[in-house]
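Worksheet: one structure, shown below.
Bear in mind these aren't lab numbers, they're just calculated from the coordinates by the rules spelled out. Only a predicted model underlies this, so the values are computations on that prediction, with no experimental measurement involved. Every residue, glycine among them, receives a Cβ derived from its backbone with ideal geometry; neighbour counts consider all protein chains shown.
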Amino acid sequence: MNLFYSLILPFLAFFPSFEKDQLVNMDESVTWIGIDYSEAKFVGSAGFTDPSDLPRFLLEWNDFVITEPDKYDVKKALGVPSVTIDLAFTYARNKEIDTEAMVQEEDFKLSKEEVEAVAKSYDLSKISGTAAMLVAECYNKKRLEGSHWLVLIDAQTSEILSAERFVEKPGGFGLRNYWARTIYELFESNAKAIKKKK
């Protein structure tokens, strides 16, 4: 754990309303490494009729922070003045996924420990400061909700600084835009939560 967290976290116990899960050190560099879908499930086969087409969507959902940066604003979502985008980490991981096995009928959730294991599996030693990512959990067509975990990682030590679960409603035309809405709403939800604490 870096010096900033070592100094400030003991004092946060005196402020019950403060959620350290949303804490990003403004003085450190922040790198967004994208969305990891390696443990995610898509629930409701009627809503995912062509699993062979999912690799394209995994790429496009990850790319929105580049193709539509004003809407999918990582800086705003994390409450930081600047951020580096490096999606190579999650690009490589997501390419290895058997998307046929991602679709199922049963509901699905990841434990915090499982999420942290996914985040820690990345070698981020070439990144300085904090790495931020989403670990996708479940896109559930039956419940009409999509869930992700927002994870902050000390890139040099692989220590998990925070892991917070978000559940949002999908919306929009077409499979890509329908589930992308949950990513957008997550960014907005976290940005609002951070703003309230400033």
Contour excess over end-to-end distance, with Cα ends at ARG176 and ALA117 and 0.36 nm allotted per residue
18.5 nm
Which FRET efficiency value, to the nearest 0.05, do you get for ILE66 and GLU145 by plugging their Cβ-Cβ distance into 1/(1 + (r/R0)^6) with R0 = 22 Å?
0.30
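With contacts defined as alpha carbon pairs under 8 Å and 6 or more residues apart, what's the relative contact order of the chain in percent?
Over the chain, the number comes to 27 percent.
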What list of ³J(HN,Hα) couplings, whole Hz, do you get for the range 117-131 from phi and the Karplus terms 6.51, -1.76, 1.60, once you set θ to phi - 60° and write x for glycine and proline?
5, 4, 4, 6, 6, 8, 8, 10, 4, 7, 9, 9, x, 9, 9
Roughly how many nanometres apart are two label points built 7 Å out from the Cα toward the Cβ at LYS169 and ASP73?
2.3 nm
Pulled fully out, how much extra length does the chain show between GLU96 and ARG56, if you take 0.36 nm times their separation in residues and subtract their Cα-Cα distance?
13.1 nm
Using the alpha-carbon centroid of each, what span in Å lies between the range 103-171 and the range 22-81?
10 Å
Summing -39500 (n - 2.57) over the DSSP H runs of n ≥ 4 in the chain and dividing by its residue number, what mean residue ellipticity at 222 nm do you reach, to the nearest 500 deg cm²/dmol?
-11000 deg cm²/dmol
Give me, ordered by chain and number, the residues 5 or more places off THR31 or on other chains with an amide H under 5 Å from its own placed amide H.
THR84, THR130, ALA131, ALA132
Proximal lysines relative to LYS109, as straight alpha-carbon distance under 17 Å, when same-chain residues fewer than 8 apart are discounted:
LYS41, LYS141, LYS142, LYS169
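Can you bin the chain into rounded, prolate or oblate? Criterion: square roots of the alpha carbon gyration tensor eigenvalues sorted a ≥ b ≥ c, rounded for a/c under 1.5, prolate for a/b above b/c, oblate for the rest. Provide the component values of the computation, followed by the final result.
Working: a/c = 1.77, a/b = 1.63, b/c = 1.09.
Prolate.
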Would you list, by chain and number, the lysines whose Cα falls below 19 Å from the Cα of LYS196, excluding same-chain residues fewer than 8 positions away?
LYS20, LYS75, LYS76
Between GLN104 and LYS196, what is the label-to-label distance in nm when each label sits 7 Å out along the Cα-to-Cβ direction?
3.3 nm
With everything on Cα atoms, drop me the angle between helix 3-12 and the longest principal axis of the chain, reported from 0 to 90° to the nearest 10.
90 degrees
